[in-house]
Amino acid sequence: MNNTNHVNVAGCVIIEDNKMLLLYKSSRQWYELPGGKQKTGETLEETALRETREEIGCDCQIIKKLEDCI
(Lines give C-alpha, C1' and ligand atoms only; values in the text may rest on other atoms or scores of the structure.)
Protein backbone atom coordinates (compact mmCIF):
# COMPACT_ATOMS: atom_id res chain seq x y z
CA MET A 1 0.00 0.00 0.00
CA ASN A 2 1.31 3.47 -0.90
CA ASN A 3 1.04 5.90 2.05
CA THR A 4 2.52 9.01 0.43
CA ASN A 5 1.20 12.41 1.49
CA HIS A 6 -0.23 14.67 -1.19
CA VAL A 7 0.93 18.30 -1.14
CA ASN A 8 -0.36 20.97 -3.52
CA VAL A 9 2.18 23.49 -4.74
CA ALA A 10 1.93 26.49 -7.06
CA GLY A 11 4.31 29.04 -8.50
CA CYS A 12 4.78 31.69 -11.14
CA VAL A 13 6.68 31.79 -14.38
CA ILE A 14 7.78 35.40 -14.75
CA ILE A 15 8.94 36.52 -18.19
CA GLU A 16 10.04 40.00 -19.13
CA ASP A 17 12.02 41.09 -22.20
CA ASN A 18 12.21 37.42 -23.26
CA LYS A 19 13.99 36.52 -20.00
CA MET A 20 12.61 34.10 -17.41
CA LEU A 21 13.14 34.74 -13.69
CA LEU A 22 14.66 31.82 -11.77
CA LEU A 23 15.71 31.74 -8.13
CA TYR A 24 19.13 30.28 -7.32
CA LYS A 25 19.13 28.13 -4.18
CA SER A 26 22.78 28.11 -3.09
CA SER A 27 22.17 25.52 -0.37
CA ARG A 28 21.14 23.02 -3.04
CA GLN A 29 23.00 24.57 -5.98
CA TRP A 30 20.02 24.65 -8.33
CA TYR A 31 17.57 27.06 -9.92
CA GLU A 32 13.81 27.02 -9.42
CA LEU A 33 10.68 29.04 -10.10
CA PRO A 34 9.20 31.11 -7.26
CA GLY A 35 6.48 29.12 -5.54
CA GLY A 36 5.65 26.82 -2.67
CA LYS A 37 3.11 24.85 -0.69
CA GLN A 38 -0.59 25.65 -0.63
CA LYS A 39 -2.00 26.70 2.75
CA THR A 40 -5.35 25.44 3.99
CA GLY A 41 -8.18 27.50 2.49
CA GLU A 42 -6.05 29.01 -0.30
CA THR A 43 -6.70 28.58 -3.99
CA LEU A 44 -3.73 27.60 -6.12
CA GLU A 45 -3.79 31.08 -7.64
CA GLU A 46 -3.57 32.65 -4.16
CA THR A 47 -0.70 30.30 -3.32
CA ALA A 48 1.23 31.26 -6.44
CA LEU A 49 0.82 34.99 -5.79
CA ARG A 50 1.62 34.76 -2.05
CA GLU A 51 4.70 32.61 -2.53
CA THR A 52 6.01 34.85 -5.31
CA ARG A 53 5.48 37.94 -3.15
CA GLU A 54 7.28 36.24 -0.23
CA GLU A 55 10.21 35.02 -2.31
CA ILE A 56 10.91 37.97 -4.61
CA GLY A 57 9.17 40.84 -2.84
CA CYS A 58 6.85 42.04 -5.57
CA ASP A 59 3.22 41.60 -6.48
CA CYS A 60 2.34 39.80 -9.70
CA GLN A 61 -0.74 39.34 -11.80
CA ILE A 62 -1.78 36.00 -13.25
CA ILE A 63 -2.13 36.45 -16.99
CA LYS A 64 -2.41 32.84 -18.07
CA LYS A 65 -2.46 29.50 -16.26
CA LEU A 66 0.12 27.00 -17.43
CA GLU A 67 -2.54 24.29 -17.52
CA ASP A 68 -4.32 26.36 -20.17
CA CYS A 69 -1.17 26.31 -22.35
CA ILE A 70 -0.48 22.57 -22.43
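The values are calculated or read from the model by the stated rules, or taken from the named source; none is laboratory data. For clarity, every value in this text was computed on a predicted model and none was experimentally measured. We place every Cβ from the backbone using ideal geometry, glycine too, and count neighbours over all the protein chains shown. For accessibility, only protein heavy atoms count, side chains too; no ligands or nucleic acids. Shrake-Rupley method; radii C 1.70, N 1.55, O 1.52, S 1.80 Å.
Brief remarks follow.
- Computed over the chain: relative contact order in percent, which uses C-alpha pairs under 8 Å that are six or more apart: 28
- Ligands, DNA and RNA are left out, and with a 1.4 angstrom probe the accessible area of the chain is 88 Å² per residue.
- Here the chain exposes an accessible surface that is 49 percent carbon and sulfur, computed with a 1.4 Å probe and the other protein chains kept in place.
- 0 to 90° range, to nearest 10: angle between helix 44-56 axis and the chain longest Cα axis: 60
- Partner lysines whose Cα lies under 27 Å from the Cα of residue 19, excluding those fewer than 8 positions away in the same chain, are identified as 37, 64, 65.
- Taken about its Cα centre, the chain carries a charge dipole of roughly 260 debye when the Cβ of each Lys and Arg holds +1 and the Cβ of each Asp and Glu holds -1.
- Per-residue [θ]222 nm for the chain (sum of -39500 (n - 2.57) over DSSP H runs n ≥ 4, rounded to 500): -6000 deg cm²/dmol
- Most positive-pole-ward Cα, 60, 34, 15, against dipole of the chain from beta carbon charges: 34
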